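The values are calculated or read from the model by the stated rules, or taken from the named source; none is laboratory data. Source: prediction; values computed, not measured. Using ideal geometry, Cβ is built from the backbone for each residue, glycine included, and neighbour counts are taken over all protein chains shown. Note: accessible area is taken over every heavy atom of the protein model, side chains too, but ligands, DNA and RNA are not part of it. Shrake-Rupley method; radii C 1.70, N 1.55, O 1.52, S 1.80 Å.
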Amino acid sequence: MVKCHLSTIMGERRLKIADVARDTGINRGTITRMYHEEATRVDLDVIESLCTYLRINVGDLYEIINENSSESPE
């Protein structure tokens, strides 16, 4: 599973979806879907624009979560 950290990053920086959309030129709906982790695919130019705007790396925005790991609490 791929986890998007956009909502966390925007929350830490107190950024609104409308502001990011206006500043980057990315469609507001795209940002909203990414923010709520509902996006099933995102164009590379959108990822590049967000990373440039937020001054982060792609790895800061997305993380791969291994769903098969069954860690038991000890």
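Tabulated results
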quantity	calculated
Per DSSP, loop GluC sites (Glu not before Pro) in segment 2-69 with at most 11 further Cβ within 10 Å	38, 67
Net charge dipole size for the chain [Lys, Arg +1 and Asp, Glu -1 on Cβ; Debye, nearest 20]	460
FRET efficiency estimate (nearest 0.05) - Cβ-Cβ, residue 58 to residue 13, R0 22 angstrom	0.80
Identified option (computed semi-axes √(5λ) of the Cα gyration tensor in Å; candidates [x] 19, 18, 11; [y] 16, 15, 12; [z] 25, 13, 11)	[z]
Positive dipole terminus of the chain, leading residue within 9, 26, 65 (C-beta point charges)	26
Nearest-ten-degree value, helix 44-54 long axis tilted from longest Cα axis of the chain	80
Accessible area expressed per residue, the chain, with surrounding protein chains retained (probe 1.4 Å, Å²)	76
Protein accessible area in the chain, 1.4 Å probe - carbon and sulfur %	45
Förster radius 35 Å - calculated FRET efficiency between residue 3 and residue 23 (Cβ-Cβ, nearest 0.05)	0.90
